Amino acid sequence: MDTKQLDDALARLFIDEGARIVFWHDPEHEFVDFMNRLPFLTFGDTTVHLIRLDQVSALATKIRLERDEPDSRFLLYAPTEEPDYADDWLLDIRLYSRSFRADRASIILTDCAPEGPVCGLPGPNRCGRRVCTPQPLCRRFSLRHGSGDVPGLRDRAISV
């Protein structure tokens, strides 16, 4: 996924869908260099603050999100797996916020989903969002694995 795709997907979450807090876990460390270059993100008039969960304590993050800046927007990036519920100090915030994924399966699902609502797809796709027409990769995927309903497409794409 290139930076243009990242910007577009994050802008969709923060601007189009109105998300205030988005969690992004990157256990493969694919985007650590990209995140190290950014103190914040800007989408038009909207500023999104970046918090690296591996560099800031969970308590400091919680205080900043809920008390110090309750109306600001945040991207919470962690180059780790999502923690278990029992070990997650930010679970209450995670439950009312959004998640973002930039792994290969999420990219395929975002690019290859059929026209119309894409209910039930993981990552940046949400109910009611219309997606682009299939790309050449998606055509090859459809020829190889067949086309059909969204749950079937999701299951086939995840199995790749």
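The values are calculated or read from the model by the stated rules, or taken from the named source; none is laboratory data. Treat the numbers as computed from the prediction; the structure is a model and nothing was measured. Ideal geometry is used to build each Cβ from the backbone, glycine not excepted, and the neighbour counts take in all protein chains shown.
Per the conditions (1) in contact with a Ser or Thr (Cβ under 9 Å, 6 or more places away or on another chain); (2) without any contact (Cβ under 8 Å) to a residue 40 or more places away in the chain; (3) small (G, A, S), the sole criterion not satisfied by A19 is (2). In segment 80-101, the qualifying residues are those that are among the aliphatic types (A, V, I, L, M) and in a helix (DSSP H, G or I), and the one that is farthest from D8 (Cα to Cα) is A86. How many residues does segment 53-97 hold that are among the basic types (K, R) and within 15 Å of the chain's Cα centre (by Cα)? So the answer is 2. Any residue at all in segment 6-20 that's closer than 21 Å to Y96 by Cβ, at pLDDT below 85, surrounded by 12 or more Cβ atoms within 10 Å (Cβ to Cβ) and more than 13 Å from the chain's Cα centre (by Cα)? So far as segment 6-20 goes, no, none of its residues is closer than 21 Å to Y96 by Cβ, at pLDDT below 85, surrounded by 12 or more Cβ atoms within 10 Å (Cβ to Cβ) and more than 13 Å from the chain's Cα centre (by Cα). Scanning segment 39-59 for residues that are part of a loop (DSSP other than H, G, I, E, B) and surrounded by fewer than 15 Cβ atoms within 10 Å (Cβ to Cβ) yields P39, G44, D45, D54, Q55, V56, S57.
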